[in-house]
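Everything on this sheet refers to the single structure shown next.
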2 protein chains.
Amino acid sequence: MARPQRIPRPTVKRLSLYLRELEDLAEHQHETISSKRLGAALGLTDAQVRKDLAYFGQFGHPGVGYRVPELIGQLRKILGTDRNWNAAVVGAGNVGRAIIAYQRFRRKGFDVVAVFDDDPAIIDREIAGHRVRSMSDLARLVRELDIKIGVLTVPAAVAQEVTDRLIAAGVRGILNFAPVRLDVHDAVAVASVDFSVALEQLAFQISLGVTGSLDEKGEE
Amino acid sequence: MARPQRIPRPTVKRLSLYLRELEDLAEHQHETISSKRLGAALGLTDAQVRKDLAYFGQFGHPGVGYRVPELIGQLRKILGTDRNWNAAVVGAGNVGRAIIAYQRFRRKGFDVVAVFDDDPAIIDREIAGHRVRSMSDLARLVRELDIKIGVLTVPAAVAQEVTDRLIAAGVRGILNFAPVRLDVHDAVAVASVDFSVALEQLAFQISLGVTGSLDEKGEE
DNA sequence: AGTTGTGAACTGATTCACAGCC
DNA sequence: GGCTGTGAATCAGTTCACAACT
């Protein structure tokens, strides 16, 4: 089970895109797919696809391509979405509500099991089937409910403070929607989504005259 | 005003992060900042910061650093957020509502001037001060209201079709929240935000044992 | 002293091209 | 015929290191 090699960061991002495309193919009963066609669907070369996948093992079948259901299984295992994670949403504003209602999260194995906010006006109210909890219950509930992921949908000004509390309570990863860089010690993982950054990328491309899209080829 | 050089894609992403940090510094009345301190705040080297900025001109002052308000102005100009863009939100579901209410968009110069949906149950209803319009009015309103940006918050299955309609109506850029790759001819810019991809990046880091964050150093 | 801007060196990522397999 | 996996070659991005400036 040794995996001695360093994985390029852009590769990890593309794995998600491969999986998304493969799940689509599976729905349309495609049994196999070649690196060439998979790459074309995502704007990548065939060599790129093969190299990315080869970091993790030999999943392909010469002369045939990759078997879709098999590769889906492998990618889920690699990405860690073959198991379930309990998650807490902190911040029941507009973005928080959207996340709670986002069906795709559950399908990826993320179960929102608690929602927190510090606004007395909404504590104990129900949002999309979840009773909003007080921040003072955070540490206790993270432990009791075995919450491993914190989804941060709070204002930027309090994001770091809430992060520290989540980590102290035992969370292993933070999905950050606040427009700030979070300082965490490196036993905790962070992934950030910043709408404004995306918007500025778009504005830049448009102002530029637009030649290629900065879309999801390496980024998103 | 010639700008002959090719800009690395990671550089453009970092410009947004510089701007975010600088706006924060400006609020705390910092007059100047060195590449070293700016880099440290974002987990980057000083050389990286200087090289990124130097692609666009000579904004620094040897012995002093960068003057914060001056650099903010330059970055806004470079990113194209020094002017205003009219935007339409297509899809008035949870994500669409969150976007409509997101104050930061307006501050970046993006004005949501129309909201569209195809659900008769919500057409003509008000959402956060916007009357929801029928999809059949899309082409006409894009022209009449001079809408340049389409924000796609529709289900994946119809994302490409809606994109085609937006482009046909004259939109110059698409901010895509649907988990699909959009095919567009290259006079139109696309930037994508995919929550599931972010979630999978997080899961991967956690499963890995976690050594460094894949955060926003080059990724977001 | 402190700091920028930039060519040169280096590191990392992508593409090429082909042996080996179906 | 088609296709994968992978070393070698190329391309892109980052860091180094230092002259020039305040």
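The values are calculated or read from the model by the stated rules, or taken from the named source; none is laboratory data. All of these numbers come straight from a predicted model, not from anything done at the bench. Because the Cβ atoms are built from the backbone with ideal geometry, glycine has one as well, and the counts that use them run over all protein chains shown. For accessibility, only protein heavy atoms count, side chains too; no ligands or nucleic acids. Shrake-Rupley method; radii C 1.70, N 1.55, O 1.52, S 1.80 Å.
The largest-to-smallest principal axis extents of the Cα set in the stretch B:9-78 are 31, 24, 23 Å.
Surface composition of the stretch A:63-125: carbon plus sulfur atoms contribute 44% of the solvent-accessible area (1.4 Å probe, protein chains only, all chains present). Normalised by the number of residues in chain B, the average gap of Cα pairs under 8 Å and 6 or more apart makes the relative contact order 15 percent. For a straight C-alpha distance cut-off of 19 angstrom, the lysines reachable from A:Lys148 (same-chain residues fewer than eight places away being disregarded) are A:Lys77, A:Lys108. Relative to the longest principal axis of the Cα atoms of chain B, the long axis of helix B:9-27 makes an angle of roughly 80 degrees. Using just its DSSP H runs of length 4 or more, each adding -39500 (n - 2.57), chain B gives a mean residue ellipticity at 222 nm of -13000 deg cm²/dmol after division by all residues. With a ≥ b ≥ c the root eigenvalues of the C-alpha gyration tensor of the protein assembly as shown, is it rounded (a/c under 1.5), prolate (a/b larger than b/c) or oblate? Verdict is rounded for the protein assembly as shown.
Under 12 Å of direct C-alpha separation, and excluding same-chain neighbours fewer than eight residues apart, A:Lys13 reaches these aspartates and glutamates: A:Asp52, A:Glu216, A:Glu219, A:Glu220, B:Asp194, B:Glu200, B:Asp215, B:Glu219, B:Glu220.
In this assembly, the B-A interface accounts for approximately 6700 Å² of buried accessible surface in total, computed with a 1.4 Å probe and without ligands, DNA or RNA.
Among B:Leu141, B:Leu15, B:Leu199, the residue with the largest mean-square fluctuation in a Gaussian network model of chain B, with springs joining Cα atoms closer than 10 Å, is B:Leu199. Heavy atoms of the protein chains alone define the surface here; on that basis chain B has 45 Å² accessible area per residue at 1.4 Å probe size. Over chain A, with a Gaussian network built from C-alpha contacts below 10 Å, which listed residue (A:Val49, A:Val90, A:Val154) shows the highest mean-square fluctuation? Fluctuation is largest for A:Val49. In the elastic network of chain B, a GNM with C-alpha springs shorter than 10 Å, the most mobile of B:Ala121, B:Ala87, B:Ala191 is B:Ala121. Computed from Cα atoms, the angle from the helix A:68-79 axis to the main principal axis of chain A rounds to 40 degrees. The length gained by stretching the chain between B:Asp124 and B:Gln58 to full extension, at 0.36 nm per residue less their Cα-Cα distance, is 18.7 nm. Quick check for you: which residues of the stretch B:24-52 have the amide N under 12 Å from the point 7 Å beyond the Cα of A:Ala156 toward its beta carbon? Once the point is set 7 Å along Cα→Cβ of A:Ala156, B:24-28 turn out to lie under 12 Å by backbone N, inside the stretch B:24-52.
When the square roots of the Cα gyration tensor eigenvalues are ordered a ≥ b ≥ c, the ratio a/c for the stretch B:86-220 is 1.5 or more and a/b exceeds b/c, which makes its shape prolate.
Considering only trypsin sites (Lys or Arg not before Pro) in DSSP loops that have at most 14 other Cβ atoms within 10 Å, the longest stretch of chain B without any of them is B:126-220.
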